[in-house]
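Report on the following structure.
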Amino acid sequence: MSIHKTAVAPGAERGHLLALLRQMLLIRRFEEKSAELYSAGKIRGFLHLYIGEEAVAVGAMQALTEEDAVVATYREHGQALARGLPAGKIMAEMYGKANGCSRGRGGSMHLFDAGRRFYGGYAIVAGGLPIAVGLALADKLQERQAVTACFFGDGAVAEGEFHESLNLAALWRLPVLFLCENNLYGMGTSLERSESQTDIHLKAQNYNIAAEVVDGMDVLAVESATQRAVAQVRRGDGPYFLELRTYRYRAHSMSDPELYRSKEEVAQWRGRDPLSLFDACLRGKGMLDDAGLKALEADVANEVDWAVAEAEKGEWEPVADLERDVYASVAA
Amino acid sequence: MARMTYREAVREAMREAMRADPRVFLMGEDVGKYGGAFAVSHGMLAEFGPERIRDTPLSESTFVGAGIGAALGGMRPIVEIMTINFSLLALDQIVNNAATLRHMSGGQFGVPLVLRMATGGGRQLAAQHSHSLEGWFAHIPGIKAAAPATVADARGLLLAALKEPDPVVLFEHATLYPLEGESEDGTPMQFGRAALRRAGRDVSLITYGGALGKTLRAAALLAEKGIEAEVIDLRSLRPLDTETIFTSVAHTHRAVIVEEAWKTGGFAAEVSACIMEGAFDALDAPVARVCGAEVPMPYAPQLEQAALPQPESIVKAVQGLF
């Protein structure tokens, strides 16, 4: 196994690095607030938190342009925020309000934004992969230079659609960037309890897809690996596969008693926390101090407060509009 | 007007659409080099090339999902699934994605996808190639479902489907492919309208797809016995043209629904319930159903024929209402 480690890119702009930290902080604090609001009954249904995996979404999203497409899973608040969906529209969606990014029809697991080519969260594991293949096919047929970034977890690897999609994307040399967030568990079943081959990138290589392992706790490693991968995909060389090794600190969803893993294991991963690692990296370079972090935290806290306020003041969709948006026209 | 087979009518509609609109393309198993499992796309690879006539691996779920993705991305894909039984491998994509995306995204995304699949029995292909699951698809809000039963409809409904902003599933009964008839030119058909195939005053026979021919033969047999049957071809299962059904029942006061699918939980039950809800007072007799026998489709010819509705069984059901 080889894990790519990337030192801070020489000459990297301080502003850019601080923006990365801010985005990771925003996801962390947004998710903490979401957990709180779930306990308060403001957010219902399922809630899957991204805490611990922030470096993956933030690092990967840096390589994408506005023309590129994103497909994600039911654990997609991080991707949505990193793609630039307003926190207020995401929070309003989780409240189920009409000003949410899916008009209250999707909730936490189904965030969409046509303007940002954010094609949504898919809650059937691996169900988004064929969609990503099709989006990439549409881009290729229309001779657009766009890349479709497809996020999914290690659990998806056991599904048939994973294998079918990798095969088809490679066979047709489609511009898909497969981003496997390997957090070691498909809900409560660990990778070694569900896969005969736990080195996931090897599966992609067997489909003749360029694949590598990346330290998913290191935002700069994720960023540089994704830049490389996207450049190759954009050249028309077919799909690329990144296995991003990461960890979710919180339970699978809010209803998970976490009987399947030890506190020690969680603590060990928290020792490689992506925010702490990057914080230390920036301090080492003289780009961040306590006052700087405090200012960032305050800024992020304001944004989260604003998001909650947006959700609170949002209207409920009238029940009379229940059957809206099933078809393009209501009658059908 | 041109005389052609049902198979040719589907092909001509696809060619017409592909010539008119560069966003339209076809993909599926063996649609290219092989020319289609039922030879529907024969010759299209030569005309349109491999970018627009795409042979896929045997990956129903993923090529249907790719069709959904391509539709989201601005294309107008036609995806062919070899038979309705194989479509079960793609139900996740059809039910969880194609049907939900517009609603789940708050109206931001539509999926203008046309899914074509062969359906039905009568060819001694046994229990994994012969079923009629049209009603399953008609159950799902977010998709539209239609079963062209004539040569003209094979062309017209496909062209109409390609104008729809939402996913449409088209069921082509495999025994219809060699059927000859007139293919009309002119304005595209409207989706969701049933057709009156035979006028009559005594009973309404309501059917769709591959059962239309047998139902018309039953109507001819009934006429010999002095019973004039009206035959309604639903054409579209979702949306369902209840207005045409109610008008007919109001006129005949009796209804028999004919379909190849199993009776339990089938589409005939839905039509029957609609008649109870919308035309109960017009009925002079209980609504009757002639459906497939409750068995996985058997191979042996006499068993298969016994499992399917036949003109004689339809006649018998009608006579039971008088």
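Laboratory data are not the source of any read-out in this text; all were calculated from the coordinates shown. Here the structure is a predicted model, which means the values were calculated and not measured. Positions of Cβ are generated from backbone atoms using ideal geometry, with glycine treated the same way; all protein chains shown enter the neighbour counts.
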Seminar exercise, completed: Which of A:305, A:215, A:289 fluctuates most in a GNM of chain A (C-alpha springs under 10 Å)? That residue is A:289
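For each pair in B:163/B:214; B:225/B:263; A:97/B:163; A:33/A:263; A:140/B:163, compute the distance between the two Cα atoms and list the pairs where it is over 29 Å.
Numbers: B:163/B:214 31 Å; B:225/B:263 27 Å; A:97/B:163 33 Å; A:33/A:263 23 Å; A:140/B:163 23 Å.
Over 29 Å apart, Cα to Cα: B:163/B:214; A:97/B:163.
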Seminar exercise, completed: The value for chain B (convex hull of the alpha-carbon atoms, volume per residue, Å³) is 129 Å³
Seminar exercise, completed: Two pseudo-spin positions, 7 Å from Cα along C-beta at residue A:258 and at residue A:187, lie apart in nanometres by 1.9 nm
Seminar exercise, completed: Karplus-derived 3J(HN,Hα) from phi for region B:206-212 (6.51 cos²θ - 1.76 cosθ + 1.60, θ = phi - 60°), whole Hz, x at Gly and Pro, runs 10, 8, 7, x, x, 8, 4
Problem set entry | At 1.306 mPa s and 10 °C, Stokes diffusion of region B:219-322 via Kirkwood alpha-carbon radius, µm² per second | 109 µm²/s
For this session: Can you pull the one-decimal nm distance between simple spin-label points at residue B:46 and residue B:300, each 7 Å off the Cα toward Cβ?
Result: 4.5 nm
For this session: Assuming 1.306 mPa s and 10 °C, estimate D for the protein assembly as shown with Stokes-Einstein, Rh taken as the Kirkwood radius over Cα pairs, in µm²/s.
Result: 59 µm²/s
Exercise. Which of A:262, A:190, A:34 moves most in a GNM of chain A, Cα contacts under 10 Å?
Worked result: A:262
Problem set entry | Positive minus negative residues near residue A:144 (Lys, Arg vs Asp, Glu; Cβ under 10 Å) | -3
For this session: Taking H placed 1.01 Å from N in the peptide plane, check which residues at least 5 places from residue B:204 or on another chain put their amide H under 5 Å from its amide H.
Result: B:230, B:254, B:255, B:256
Exercise. Does anyone have the angle between helix B:242-252 and the longest principal axis of chain B? Alpha-carbon axes, 0 to 90°, nearest 10?
Worked result: 20 degrees
Exercise. Measuring from the lowest to the highest alpha carbon on each principal axis, how far does region A:1-157 reach, largest first, in angstroms?
Worked result: 45, 39, 33
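Can you tell me the dipole magnitude for chain B around its Cα centre, using point charges on the Cβ only (Lys, Arg +1; Asp, Glu -1), in Debye to the nearest 20?
Working: 29 positive and 37 negative charges, 49 e Å.
Dipole of chain B, to the nearest 20 debye: 240 debye.
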Exercise. log₁₀ I(q)/I(0) of region A:3-321 at q = 0.09 Å⁻¹, via Debye over equal Cα point scatterers, no solvent, to two decimals?
Worked result: -0.43
Exercise. How far, in degrees from 0 to 90, does helix B:60-72 lean away from the longest principal axis of the Cα atoms of chain B, to the nearest 10?
Worked result: 70 degrees
Seminar exercise, completed: If one builds a Gaussian network model of chain B from Cα atoms under 10 Å apart, the most fluctuating residue listed among B:126, B:307, B:46 is B:46
